[in-house]
Amino acid sequence: MSQTPQIRVDHIHESPFNPRRVFNETRLQELATDIKQLGVLQPVLVRPRIPELFHGIDDENAVAGYELVFGHRRYRAAVLAGLETMPAMVQSLTDEQVKRMQLSENLQRDDVHPIEEAEGFQALMAEHGLSADDLVAETGKSRSYIYGRLKLLQACKEVRDACLAGEIGSETALLVARIPTEKLQGKALARIKAKNMDMGDGGKKSYRDIQWLLREEFTLNLTAKDCIFPFADPDLLPSAGACTTCPKRTENAPEYQDMVQDSARRWGGVVKGDAWLCTDPDCYQAKKTAHLKAEAQKLAAKGRW
């Protein structure tokens, strides 16, 4: 049964399962000031840290005190305010219950960081068997929104760290995350920085310029005019299949729908080149090489090589 005692702040430990990692220090200080004046108005939720409920944590105090379930921001502000005790509801919860409750609560926050939100979506998929389309139905978010969030998790560590630190916004991080290899993503981030674009707002003002830069330098055309190999041939590179159905072609990739839709707007509803861009330069090069090799073999067979 829940209760609302005053618990010593130094007996409360942050949860290892909490998906929230980003805290606004200015807002924490403001909340700490309010707490000094008014106290903690809403209790946090904790569970006893006892062996049968608390597993796998390398902590010498793992059996002492309480684990925080909800209220990490209030707890941190209470520490800053110098409180000795704070109100807390105590419930006996399993690890699975804590994880699910924290994921649901985290996804409802107004200030949830896009990468944290993406990690929450990923956890729901991994732990509860949901698909990306299930998330669309459950959250009411658009398909491109869900796929875009999940795509953020494919950004290399350098890009994710820059996003979490506020150096680039999630919109810019997503543009880079769409590039298929970590090596190319690192190069793309370096190119953005080298261009000295206005990144004071994380790149929102420079979004179109960044989008165009990455399109020009990190995608390749699959149109008959620009592509020397038969992109509709599934046997050219069997491991990759045909470019027409490849999920790395912009028209087939939900996270690239902004480019495809923008192309349609520019051309009066007719989708032009932006639907036929290859986003995997390595695969593109492999197909080009395979095509040239096949052509050379044909010439050799005819005695012309």
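The values are calculated or read from the model by the stated rules, or taken from the named source; none is laboratory data. Values in this document were obtained by computation on a predicted structure and should not be read as measured data. Backbone-built Cβ (ideal geometry, glycine too); neighbour counts: all protein chains shown. Quick note on the areas: whole protein, heavy atoms, side chains included, nothing else; ligands and nucleic acids left out. Shrake-Rupley method; radii C 1.70, N 1.55, O 1.52, S 1.80 Å.
The residue that is nearest to the chain's Cα centre (by Cα), among those in the range 203-223 that are assigned to a loop (DSSP other than H, G, I, E, B), more than 14 Å from L174 (Cβ to Cβ) and not hydroxyl-bearing (S, T, Y), is K205. Among residues of the range 176-185 being crowded, with 20+ Cβ neighbours inside 10 Å and modelled with pLDDT of 90 or more, the one that is farthest from E119 (Cα to Cα) is Q185. Of the residues in the range 69-85, at least one is on the phi > 0 side of the Ramachandran plot and surrounded by 15 or more Cβ atoms within 10 Å (Cβ to Cβ).
Exactly one residue out of R208, R304 is surrounded by fewer than 15 Cβ atoms within 10 Å (Cβ to Cβ) and at pLDDT below 75: that is R304. You will find that of D226, D235, D198, the residue that is in a loop (DSSP other than H, G, I, E, B), out of contact with any strand residue (DSSP E or B) (no Cβ under 6 Å at 6 or more places or on another chain), open to solvent by 70 Å² or more (accessible area, probe 1.4 Å) and modelled with pLDDT of 90 or more is D235 and no other. Does V271 satisfy being modelled with pLDDT under 80, in a loop (DSSP other than H, G, I, E, B), under 23 Å from Q211 (Cα atoms) and in contact with an Asp or Glu (Cβ under 9 Å, 6 or more places away or on another chain)? Taking the combined requirement at face value, the residue satisfies it. When Q154 is tested against (1) of a type in the set (S, T, N, Q); (2) closer than 25 Å to P281 by Cα; (3) open to solvent by less than 70 Å² (accessible area, probe 1.4 Å), only condition (3) is not met.
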